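Since every read-out is calculated from the coordinates, none of them should be taken as a lab result. Source: prediction; values computed, not measured. So basically every Cβ, Gly included, is an ideal-geometry build from the backbone, and we count neighbours across all protein chains shown.
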Amino acid sequence: MTVSLYQTGVSGLLAAQQQLATTGHNIANVNTDGYTRQRAEQNASVGLNNGNNYIGAGTYIQDITRLYDQFSHKEQLLNQSNLGNADFLHASLTQLDQVMATAGNAVVGSLDNFYQALHGVADNPNDSGLRSIVLNQANILSNDFNELTSNFDNMTKAVNGEIEQVVSKISEISKELAKINETIMQSNGTLQTGQPNDLLDKRDQLIGELSKFTRVSTVEDSNGVLTVMIGQGTTLVAGITPLTLQVSSGDPDTTQTELRLVSGSSSVAINGTKLGGSLAASFEFRDKHLSQTRTEIDRLAMAISSTLNDSQASGLDLNGLQGSNIFTDINTTQLQQGRVLAHSSNSATIQTQVTITDVSKLPTDEFEVRFDGTDFTLHNLTSGASENLGPPTLPSGTTTHTPTSPDYGFSFVETNGASLQAGDTFSIVPTKNSAALMKATLTDGNAIAASTAVAVTPSANNVSNGKIEITSVTDPAAARGYDVTVDVYESASGIFSYRVYNTTTPPPAPTIAAGSYASGASAVIDIPAGTPDFQIEISGDLVGSGTNARETFTLGDAFGVGNGNHAVAMAKTQEIGVTNGGKETFSKSLAVSTSVVGSKASNANLTADTAQALFTQAYNRNQSTSGVNLDEEAANLLKYQQAYQAASQIISTANTLFDTILAAVR
């Protein structure tokens, strides 16, 4: 009986000792990240049969378990992934918003200053100082576009660097998880029945860190070994075998880096946007938000260059010559070839380029041209539409393929397509590099085409409100040589007939053009027909003061150093809708891009705040089960200390009884 009592006391002492050790361990790790509170599971030992009774044999610690709630832990992981995604998008979009608010506003200011300088030339066309100001403002405008696109480049590099760092961290975590899995498997393979709790905490902590970067799911086998999957089920850790992520150059755009999952000597491409966490946010920001903003800015730079260059070409400079480009031609060889990116899997290298035909029709969509073995097909990756562009020129030659349904404002040009094979693909970025390569190419202020080449003068005898306007000038230098008369009369009710002829050789000599138009309509006339030097439009009801009376207009040379009418026309391009199908002016286009980015940043802020609140709730819910409560542990410490003392007293009593028995038999 004494021995039994002694053993019972010892079991209680040992149990209390382990309880105290576990409690102390909890208290010591109260501030340890990832630590899960542990609890010693104490059970009564099986009693001993003594006659008709069972006498208790004390107690023992069956196991030391983690207070772990799998559901709340997985909820925390999910919200951690969402928070990582939302925080990165918020930070990146806020940075982009700041760039657009600073560098973008600089473009607005320089654009306004350029047009103000142009108005000055319109008022004083022979002032060389004002002309120099226009060129200076043109340089500032192009530099501001260069600076803005340089900011975009730096942001792209920063995001790519972030992707590389995250990928490196994920690969390190994968290897660490595999090592822990192996240790746990070896531990569970021995005769030990307990769990390596601190190792499990370390593993869960690594998975929690991984969930910041990507969405994580796990499957545990009977040996306690986890298979870790990321994104939509891509295996990252298969038991004790780690897989790693690798960053590779984009195809066809090398700056659009891609991810590959590596196992040994083999690898497979994975979609970064589907991974979740901050990694997916990196790809989403770079390939969607930043790319869209860059495309819009490139389109704006192209529209400004094209519009002002075309307008400049319609007038005459101080030397009576056709105006030269103010900015870089939008269809230089470098720009045209840079708009096409051939995929590395293509069977052959052929010369391809994209020519811009109408900047007002250019969308910001993404395109691909695919060769099916017979024809080229244009695919709009944004809308999903496609159009057959026809076959290449065989066996050699150059072919221009122009989309018509709808007209996107560009043409795809290929040369020597005989070597093409089915499946060859080309990515099309119609606006690419327009802002980065925009330069003010005009260096002589006298070359600003402020003067019109030809003017319309109505006869003093005209009585109607009809008019003739010069709608376009293709060759202003040649247009100066014309001395043309246009007369119009009402040949029938509501029908107006016109004649266009050389003033020096009036009818019955041959006319340049003749025809009629109905009331409410107009007539557009090329002078000369075929390849016109300029174009006029006759509109209005040109009814003379008598029956068959003709309203007469003369068109002739208007050049003069004091003529600033064409500078006025150039200045009016600031108020004309050009981009987005002719709906937006230059300033409105930039304002829309800036406001869209600002709206995205604001929404991202709200999303990040919501994600933070949800994560905090999930974290607190998990901590309510797994976290260390110092008040509770302090109470346990006192309780188990008392139990230890009581068990010691049992042992002391057993010793006394044992000594009494020994004394009795001596």
#### Entry: Residue among PHE559, ALA613, SER624 farthest towards the positive dipole end of the chain, charges placed on Cβ
SER624
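Let me have the relative contact order for the range 348-390, percent, based on Cα pairs under 8 Å that are six or more residues apart. Working shown, then result.
Working: 45 pairs, mean separation 11.3, N = 43.
Worked out over the range 348-390, it gives 26 percent.
Checking understanding here: applying a Kyte-Doolittle mean of at least -1.0 and a length along the axis of at least 18 Å (C-alpha), which whole DSSP H helices in the chain pass?
Values: long enough: 2-28 (38 Å, 0.29); 70-123 (78 Å, -0.13); 128-188 (89 Å, -0.28); 197-213 (25 Å, -0.71); 291-313 (33 Å, -0.50); 586-626 (59 Å, -0.24); 630-664 (51 Å, 0.13).
Taking the DSSP H segments of the chain (at least 18 Å long, mean hydropathy at least -1.0), we get 2-28, 70-123, 128-188, 197-213, 291-313, 586-626, 630-664.
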### Query
If we sort 551-563, 399-411 on the protection proxy, mean other Cβ atoms within 10 Å, highest first, what's the order?
551-563, 399-411
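Quick one: which of 513-521, 645-653, 474-482 comes out on top by average Cβ neighbours within 10 Å, and what's the full order, highest first? All intermediate terms of the calculation are to be shown ahead of the outcome.
Details: 513-521: 13.2, 645-653: 15.1, 474-482: 18.3.
In descending order of packing, they fall as 474-482, 645-653, 513-521.
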### Query
For all pairs of alpha-carbon atoms in the range 331-428, what percent lies in each bin of width 5 Å, listed from the first bin to the last filled one?
3, 13, 26, 29, 18, 9, 2, 0
### Message
Given the -39500 (n - 2.57) contribution per DSSP H run of 4+ residues, what per-residue ellipticity at 222 nm results for the chain, rounded to the nearest 500 deg cm²/dmol?
### Response
-15000 deg cm²/dmol
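Take peptides 95-107, 276-288, 431-443, 20-32 and line them up by average Cβ neighbours within 10 Å, highest first, as a rough protection proxy.
Working: 95-107: 18.6, 276-288: 22.3, 431-443: 20.7, 20-32: 16.3.
Per-residue mean Cβ counts within 10 Å order the peptides as 276-288, 431-443, 95-107, 20-32.
To the nearest µm²/s, what D does Stokes-Einstein give for the range 229-280 at 25 °C and 0.890 mPa s, using the Kirkwood radius over alpha carbon pairs as Rh? Kindly include the intermediate steps, with their values, before the conclusion.
Values: Rh = 11.7 Å.
The estimated diffusion coefficient comes to 210 µm²/s.
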### Query
Which value, in debye to the nearest 20, describes the size of the charge dipole of the range 291-446 about its Cα centre when Lys and Arg Cβ atoms bear +1, Asp and Glu Cβ atoms bear -1, and nothing else is charged?
260
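Quick check: net charge around ALA479, other residues with Cβ under 13 Å of its Cβ, Lys/Arg +1 and Asp/Glu -1? Working shown, then result.
Values: positive: ARG480; negative: ASP475, ASP483, ASP526, ASP533, ASP557.
Local net charge: -4.
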### Query
Which label belongs to the value computed from this structure, given these candidates for mean projected area of the Cα convex hull in nm²: (i) 35.5; (ii) 47.6; (iii) 51.6?
(ii)
